[in-house]
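Enquirer: Below are the structure tokens for one structure; questions will follow.
Computed from the coordinates by the stated procedures, all read-outs in this text should not be read as laboratory data. No experiment lies behind these values; they were computed from the predicted model shown. Neighbour counts run over all protein chains shown; Cβ positions are idealised from the backbone, glycine included.
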Amino acid sequence: MMDQRISLITLGVRDIAAETAFYTALGWRAVDSPDGVVAFDLIGQTLALYPLEDLARDMGLPLDALGHGAITLAYNVRDKDEVAPLMARAKAAGARILKPAHDVFWGGHIGYFADPEGHIWEIAHNPAAPLGPDGAFQWNGAV
């Protein structure tokens, strides 16, 4: 049986230095890692930046087969008022704002941005899924 968790999120990137600078400008700190990988430990997971060519080689696929999938990485916050300042910080770090912070029909408040290589992030406040004391997220609220 496979546990319900994701341990590592790896983004295949073309310019690892620029992507590292972007996530560092958001306030994240990289941890020691083998050459060729930049890793940021998260709450219960790790986000890794890995050269796209190396990722394609590891998978045994041609580089052009990877492309960009329809995926978003969500960062949930405790309060609606946290969304817009984080969107502004992302923009200052080099993000492209796709949709500014706004209220949504289900009662939340969200915004979308793309990092310098197009990986899409959502900053969200979901009142139906409050974060746990350590920032952990669960769909119906962390305990």
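Enquirer: Expected output is a single nm value to one decimal: the length gained when fully extending between Leu63 and Trp106, i.e. 0.36 nm times separation in residues minus the C-alpha distance. What is it?
Expert: Once the chain is fully extended between Leu63 and Trp106, it gains 11.6 nm.
Enquirer: Can I ask one more? What percent of all Cα-Cα pairs in region 71-143 falls in each 5 Å bin, counting up from 0?
Expert: Taking every Cα pair in region 71-143, the percentages come to 4, 18, 26, 24, 17, 9, 2, 0.
Enquirer: At a temperature of 20 °C and a viscosity of 1.002 mPa s, determine how fast the chain diffuses translationally according to Stokes-Einstein, using the Kirkwood radius over alpha-carbon pairs as Rh; express D in µm²/s, rounded to the nearest whole number.
Expert: Stokes-Einstein gives a translational diffusion coefficient of 131 µm²/s.
Enquirer: Let me have the relative contact order for the chain, percent, based on Cα pairs under 8 Å that are six or more residues apart.
Expert: RCO, the chain: 20 percent.
Enquirer: Contour minus end-to-end for Ala128 and Ile9, with contour as 0.36 nm per residue of separation and end-to-end as the Cα-Cα distance?
Expert: On the way: separation 119, 0.36 × 119 = 42.84 nm, distance 2.50 nm.
Between Ala128 and Ile9, full extension yields 40.3 nm more.
Enquirer: Report the label-to-label distance for Asp81 and Asp32 in nanometres (one decimal), using points 7 Å from each Cα along the Cα→Cβ vector.
Expert: 4.1
Enquirer: Now for a different question. How high is the relative contact order of region 71-143? Use alpha-carbon pairs under 8 Å, at least six apart in sequence, and give a whole percent.
Expert: So the answer I get is 32 percent.
Enquirer: By how many degrees, 0 to 90 and rounded to 10, does the Cα axis of helix 16-25 deviate from the longest principal axis of the chain?
Expert: So the helix axis and the longest Cα principal axis differ by about 20 degrees.
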